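S.K.: Before anything else, here's the structure in question.
The values are calculated or read from the model by the stated rules, or taken from the named source; none is laboratory data. Computed from a predicted structure; not experimentally measured. Counting neighbours? That spans all protein chains shown, and the Cβs are built from the backbone with ideal geometry, glycine included. Protein only, heavy atoms only, side chains kept; ligands, DNA and RNA dropped before computing areas. Shrake-Rupley method; radii C 1.70, N 1.55, O 1.52, S 1.80 Å.
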Amino acid sequence: MNLLSEHRCFGGTQRFYSHDSAECRSEMRLSVYLPPQAEQGPVPVLYYLAGLTCTEETFMIKAGAQRIAAELGIMLVTPDTSPRKVRFPGDDASWDFGIAAGFYVDSLQEPWSQNYRMYSYVTRELPELVRSLGVARTDRQSIFGHSMGGHGALICALKNRDQYRSVSAFAPISAPMQCPWGQKAFSGYLGPDTNTWRGYDASELIANQKYDDTILIDQGTADKFLAEQLKPELFEAACKKSGTKLKLRFQEGYDHGYYFISTFVADHLKHHAERLR
């Protein structure tokens, strides 16, 4: 990995890296916060997956999570939301598909299948990169995310139950097969076969297999995307069907952005810290 910059932060170190990705066949970027405890020995890892239009920098700059991570002794890792160095026709024609909108799936449709392999990047390649830093307890990993990244965190955890000890989300796209964002992304990346889509839909994944831990979701009531795109009620119903414990908290007056995330991010880090001990 190539270290692009580093900054002292709450007694730890905030770093930004680039590297050549085997999965995405392109340069990718990620951010890593090393808490002060990493200077004494390996620490647990919490991955954060960002939402549409975001980069590897967005969460680290806006969420204010480093202070809590430093107190809890947790490494924070955030990848970019899509490959950016490779370009395809129409990849920037809309903000909800293409660049910064990889949707955390392994694309099957050309030309996206050549590089847009964000699911395997997050679940396979990223942990190996983190392991190479030499200060991560890779036997103690958890994952969370926001919006598109909340969808990504849920599917990564539900499809890799032995890899992540816990999962949480802010305003996730909970049932992508049932909303315009998900239908657009799945059609473009995966093709017309909706049976393939089911493997990347958190509500489908949880409905028939109980998750062993409590899932934490925060959702703002003033979120303009709530009714049309996010549909937490469908995920809640699916959790009830499988007997999965879900802590779904509706936060009165909060919207979809990082003011909302920064308000409740400490709760999420503490939720994961309990599982990562």
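S.K.: Label 7 Å along Cα→Cβ of Asn2; the range 30-73 residues with amide nitrogen under 13 Å?
M.R.: 30
S.K.: Given the rule -39500 (n - 2.57) for each run of at least 4 DSSP H residues, summed and divided by the residues of the chain, what is its mean residue ellipticity at 222 nm, to the nearest 500 deg cm²/dmol? Walk me through the numbers before you get to the answer.
M.R.: Numbers: 9 runs with 82 residues, N = 277.
For the chain, the value works out to -8500 deg cm²/dmol.
S.K.: With just the Cα atoms of the chain, tell me how far they stretch along each of the three principal axes, in Å, largest first.
M.R.: If we take the Cα atoms of the chain, the spans are 50, 40, 34 Å.
S.K.: What FRET efficiency comes out for Thr263 versus Thr214 if R0 is 25 angstrom and r is the Cβ-Cβ distance? Round to the nearest 0.05.
M.R.: On the way: r = 20 Å, r/R0 = 0.82.
Result of the calculation: an efficiency of 0.75.
S.K.: Nearest 20 debye, what's the magnitude of the dipole of the range 1-78 about its Cα centre given +1 on Lys and Arg Cβ and -1 on Asp and Glu Cβ?
M.R.: Here the range 1-78 has a charge dipole of around 160 debye.
S.K.: Any idea of the accessible area per residue across the chain, 1.4 Å probe, to the nearest Å²?
M.R.: 40
S.K.: Hey, what did the chain get for relative contact order, percent, Cα under 8 Å, at least 6 apart? Let's see the in-between values first.
M.R.: On the way: 631 pairs, mean separation 46.5, N = 277.
Result for the chain is 17 percent.
S.K.: Quick check: residue separation of Lys62 and Lys184 times 0.36 nm, minus the Cα distance between them. What number comes out in nm?
M.R.: 41.1 nm
S.K.: Please compute the length gained on full extension between Asp162 and Arg198, using 0.36 nm multiplied by the number of residues separating them and subtracting their Cα-Cα distance.
M.R.: Taking 0.36 nm per residue and subtracting the Cα distance, the gain is 10.9 nm.
S.K.: Right, another one. Classify the range 202-277 as rounded, prolate or oblate from the Cα gyration tensor: take a ≥ b ≥ c as the square roots of its eigenvalues, call it rounded if a/c is under 1.5, otherwise prolate when a/b beats b/c and oblate if not. Before the final figure, lay out the partial values.
M.R.: Details: a/c = 2.74, a/b = 1.17, b/c = 2.34.
Oblate, since a/c reaches 1.5 and b/c is not below a/b.
S.K.: Roughly speaking, to the nearest percent, how much of the chain's 1.4 Å accessible area is carbon and sulfur?
M.R.: So the carbon and sulfur contribution to the accessible surface is 46 percent.
S.K.: Quick check on the range 126-260: take the gyration tensor over C-alpha atoms, sort the square-rooted eigenvalues as a ≥ b ≥ c, and tell me if it's rounded (a/c under 1.5), prolate or oblate.
M.R.: rounded
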